[in-house]
Amino acid sequence: IELREDEFTQALPHLKAFGLKAAAVTSPLKTVAFQAAAQATAEAQALKSANTLVYKNHRVFAHNTDVLALRELAKNFKGKEVWLWGGGGVKNAVLS
């Protein structure tokens, strides 16, 4: 579902009413997803960004898997030059 940043917070209750239990979030919505969550994992807090939202006990929980994914991906490219394109979320994950 395509949402603009200014629609994200208002859309969450509607998405939940449609039965959404979890969501994968992509840029540019990762920062607003983090801000909309009632609670966040240490990974999401470190980046101030969430790419995973889960509804549990009527609350939104945020998580971020970017750093874990980049670490796993890096194992395949040891000793090789790598170019990575992305916005602030990717940059923050690489820097961390």
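How are the alpha carbon pair distances in the chain distributed across 5 Å bins from zero to the largest one, expressed in percent? In order of increasing distance, the bins hold 3, 13, 24, 22, 16, 11, 6, 3, 2, 0 percent.
Take every pair of alpha-carbon atoms less than 8 Å apart whose residues are at least six positions apart; their mean separation over the length of the chain yields a relative contact order of 24 percent.
The number of Lys pairs in the chain with C-alpha atoms less than 27 Å apart, excluding pairs fewer than 8 positions apart on the same chain, is 16. Based on DSSP H segments of at least four residues, each scored -39500 (n - 2.57), the chain has a per-residue ellipticity at 222 nm of -12500 deg cm²/dmol.
When exposed loop sites are taken as GluC sites (Glu not before Pro) in a DSSP loop with at most 13 other Cβ atoms within 10 Å, the longest stretch of the chain clear of them is 3-80. For the chain, the solvent-accessible area works out to 72 Å² per residue, with a probe of 1.4 Å and every protein chain left in place.
The values are calculated or read from the model by the stated rules, or taken from the named source; none is laboratory data. All values reported here derive from a predicted model rather than from experimental measurement. We place every Cβ from the backbone using ideal geometry, glycine too, and count neighbours over all the protein chains shown. We work out accessible area using only protein heavy atoms, side chains counted, and drop any ligands, DNA or RNA first. Shrake-Rupley method; radii C 1.70, N 1.55, O 1.52, S 1.80 Å.
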